[in-house]
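**Student:** Have a look at this one.
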Amino acid sequence: MSNEHNIVILISGSGSNMAAIVRAARRDNWAQKYRARVAAVISNKADAGGLAQAQELGVLTEVVEHQVFSDRDDPRGAFDAELARRIESHRPALVVLAGFMRILSPSFVAQFQGRLMNIHPSLLPAFPGLHTHQRALDAGCRVTGATVHMVTADLDSGPILAQAVVPVVLGDTAGTLVERVLHQEHLIYPAAIEAWLSQHAAA
Ligand code: GAR
């Protein structure tokens with residue numbers, strides 16, 4: 001249906017942000033408010049825990065395994081092209097990266113420019129890349145958090161849509177921070193998506 005605003009969520013892991021988004025979409029009635037729904041969850045890993053969660057939530061799942069393309073001349077380009085083809089088959093208004101742990105090529109990002117969103121477990125522009133919680137601890141930060149941003153060709157540096165701050169307390173480890181930050185991620189990601197929908201997809 002042309003006036004549907006489909007959301008495609010990309011995951012690589014446990015999918016807790018994906019589940020928070022699917023639940024918020026239902027709880028807050030995005031279908032009625034924005035004609036929006038989560039049309040598909042796509043993982044680059046067949047064993048991603050989030051796939052079973054999505055199926056339990058009744059959301060269509062697909063797998064595009066990046067390893068399948070490892071013997072190609074341009075493995076990243078070939079994977080990104082197939083991933084883009086599968087995403088576009090759902091005619092998405094918005095593509096949401098939720099713990100999707102692959103760096104996307106500039107041509108992929110260009111194809112989805114303006115409709116590609118990510119969540120990152122730090123207060124960007126601090127700590128782009130990996131191991132954000134350990135790096136925040138090593139730097140002696142007293143606060144850390146999470147950032148929702150639009151994706152641009154430069155890693156973890158597109159326009160910021162939302163941030164949540166969490167305290168770093170005595171005795172914290174990367175593990176305790178993961179939990180505290182994830183709790184906030186599950187609040188700010190659905191809220192940022194709904195704010196985007198209210199601007200771009202009002203029914
Ligand atoms: C989240 O903490 C997310 O911010 C992070 O991966 C985790 C996925 O958890 N994303 C990145 O590090 C992206 N570079 P989830 O699979 O339970 O949503």
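**Student:** May I ask you to list the residues in the stretch 35-70 that are of a type outside the set (Gly, Ala, Ser), away from the ligand (no atom under 16 Å from the Cβ) and either surrounded by fewer than 18 Cβ atoms within 10 Å (Cβ to Cβ) or farther than 11 Å from residue 11 by Cα (or both)?
**Tutor:** 35, 37, 60, 62, 65, 67, 68, 69
**Student:** Every residue in the stretch 156-166 that is open to solvent by less than 70 Å² (accessible area, probe 1.4 Å) and in a strand (DSSP E or B), please.
**Tutor:** Once the filter is applied, which keeps residues that are open to solvent by less than 70 Å² (accessible area, probe 1.4 Å) and in a strand (DSSP E or B), the stretch 156-166 yields 162, 164, 166.
**Student:** Applying the selection to the stretch 169-203, what residues are exposed (fewer than 14 other Cβ atoms within 10 Å of the Cβ) and charged (D, E, K, R)?
**Tutor:** Selection gives 179 alone.
**Student:** Which residues, taken from the stretch 61-93, are outside any helix (DSSP H, G or I), in contact (Cβ under 8 Å) with a residue 24 or more places away in the chain and not basic (Lys, Arg)?
**Tutor:** Result: 62, 90, 92, 93.
**Student:** From the list 140, 114, 99, pick out the single residue that is open to solvent by less than 70 Å² (accessible area, probe 1.4 Å), away from the ligand (no atom under 16 Å from the Cβ), under 27 Å from residue 76 (Cβ atoms) and in a loop (DSSP other than H, G, I, E, B).
**Tutor:** Details: 140 fails: under 27 Å from residue 76 (Cβ atoms); 99 fails: away from the ligand (no atom under 16 Å from the Cβ).
Selected residue: 114, the only one of 140, 114, 99 that is open to solvent by less than 70 Å² (accessible area, probe 1.4 Å), away from the ligand (no atom under 16 Å from the Cβ), under 27 Å from residue 76 (Cβ atoms) and in a loop (DSSP other than H, G, I, E, B).
**Student:** I'd like to know if the stretch 12-21 contains one or more residues that are within 16 Å of the ligand (Cβ to nearest atom), out of contact with any helix residue (DSSP H, G or I) (no Cβ under 7 Å at 6 or more places or on another chain), open to solvent by 10 Å² or more (accessible area, probe 1.4 Å) and assigned to a helix (DSSP H, G or I).
**Tutor:** Within the stretch 12-21 (the criterion being within 16 Å of the ligand (Cβ to nearest atom), out of contact with any helix residue (DSSP H, G or I) (no Cβ under 7 Å at 6 or more places or on another chain), open to solvent by 10 Å² or more (accessible area, probe 1.4 Å) and assigned to a helix (DSSP H, G or I)), the answer is no, since none of the residues qualifies.
**Student:** Next question. For a quick check of your reading of the model, give me the residue pairs whose first member lies in the stretch 11-36 and is free of Cβ contacts under 8 Å to residues at least 24 places away in the same chain, whose second is more than 16 Å from the ligand (Cβ to nearest atom) and among the charged types (D, E, K, R), with beta-carbon atoms closer than 8 Å and at least 6 apart or on different chains.
**Tutor:** 31/37
The values are calculated or read from the model by the stated rules, or taken from the named source; none is laboratory data. Quick caveat: nothing in here was measured; it's all calculated off a predicted structure. Cβ coordinates were reconstructed from backbone atoms using ideal geometry, including for glycine residues, and neighbour counts include every protein chain displayed. Accessible surface is based on the protein model in full, side chains and every heavy atom, while ligands, DNA and RNA are left aside. Shrake-Rupley method; radii C 1.70, N 1.55, O 1.52, S 1.80 Å.
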